[in-house]
Amino acid sequence: MADVIEVGAARDGAPPPAARTRRRRATERGNRATPYLFLAPYLVLFGVFGLAPILFGVWISLHQWDLQLPNRPFLGLDNYRDLFSSDSAIYGDWWSSMLAATLHTLLVLVTASMAAYALARMRFRGRKLLFALIVGTLFLPPTSLIIPNFIIAERLSWIDTLTVVIVPGAARR
């Protein structure tokens, strides 16, 4: 009966189970820090080149930047109040941009979700061809579509309207 080993007994000089689990835990803790070591340089670069210019821009917007003034007086939110007042030069353009972006987003969400549902859930002839055509249009550079879009917009009398900003871009997506 020399071949029988008791449960929990050490074999051939191996450390007891408690020592093995301590060593395994220490190794796991060391492995948890490794991704953060690789991520740290990216976070530093992102902070310097990504966040610092944004924070500097916000700081500049809260001051009056006249090159003739020796110091830059703090204005607070007065610059933003002037920017969004109704007598501002860009007030109407800003609201037109917001309207166009909102309508464009809604149009893309509605049309793309309906097309995605039909292509994913329904079975019909030509489904794979239609999917290939939709994906294939994504490979066309948008600059190659400027002249055809202009010709179509001109024939539909959409030139100088908000519709020409909303619809062609939504049709591309």
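The values are calculated or read from the model by the stated rules, or taken from the named source; none is laboratory data. Since the model is a prediction, treat every value here as computed from it, not as a measurement. Positions of Cβ are generated from backbone atoms using ideal geometry, with glycine treated the same way; all protein chains shown enter the neighbour counts.
Please determine whether any residue of the range 52-62 is more than 30 Å from Pro168 (Cβ to Cβ), in a loop (DSSP other than H, G, I, E, B) and free of Cβ contacts under 8 Å to residues at least 40 places away in the same chain. Yes, the range 52-62 has at least one match. In the range 103-127, the residues that are more than 30 Å from Val165 (Cβ to Cβ) form Cβ pairs under 9 Å with partners that are small (Gly, Ala, Ser), at six or more places apart or across chains, as follows: Phe124/Ala118; Arg127/Ala118. Asp82 passes every criterion in (1) over 30 Å from Ala171 (Cα atoms); (2) in contact with a Leu (Cβ under 8 Å, 6 or more places away or on another chain); (3) not in a loop (DSSP other than H, G, I, E, B) apart from (2). Only one residue in Ile151, Ile166 is over 26 Å from the mean Cα position of the chain (by Cα) and modelled with pLDDT of 90 or more, so which one is that? Step by step, each of Ile151, Ile166 is checked, and only Ile151 is over 26 Å from the mean Cα position of the chain (by Cα) and modelled with pLDDT of 90 or more.
Screening Thr102 on (1) at pLDDT below 95; (2) over 13 Å from Ala171 (Cα atoms) shows it passes everything except condition (1).
Return yes when Asp78 is surrounded by 11 or more Cβ atoms within 10 Å (Cβ to Cβ), on the phi < 0 side of the Ramachandran plot and over 29 Å from the mean Cα position of the chain (by Cα) and no when it is not.
Numbers: surrounded by 11 or more Cβ atoms within 10 Å (Cβ to Cβ): yes; on the phi < 0 side of the Ramachandran plot: yes; over 29 Å from the mean Cα position of the chain (by Cα): yes.
So Asp78 passes the test.
Out of the range 119-140, which residues are modelled with pLDDT of 90 or more and either under 27 Å from Ser96 (Cα atoms) or touching a Lys or Arg at 6+ places or on another chain (Cβ under 8 Å) (or both)? Leu119 - this is the single residue of the range 119-140 that is modelled with pLDDT of 90 or more and either under 27 Å from Ser96 (Cα atoms) or touching a Lys or Arg at 6+ places or on another chain (Cβ under 8 Å) (or both).
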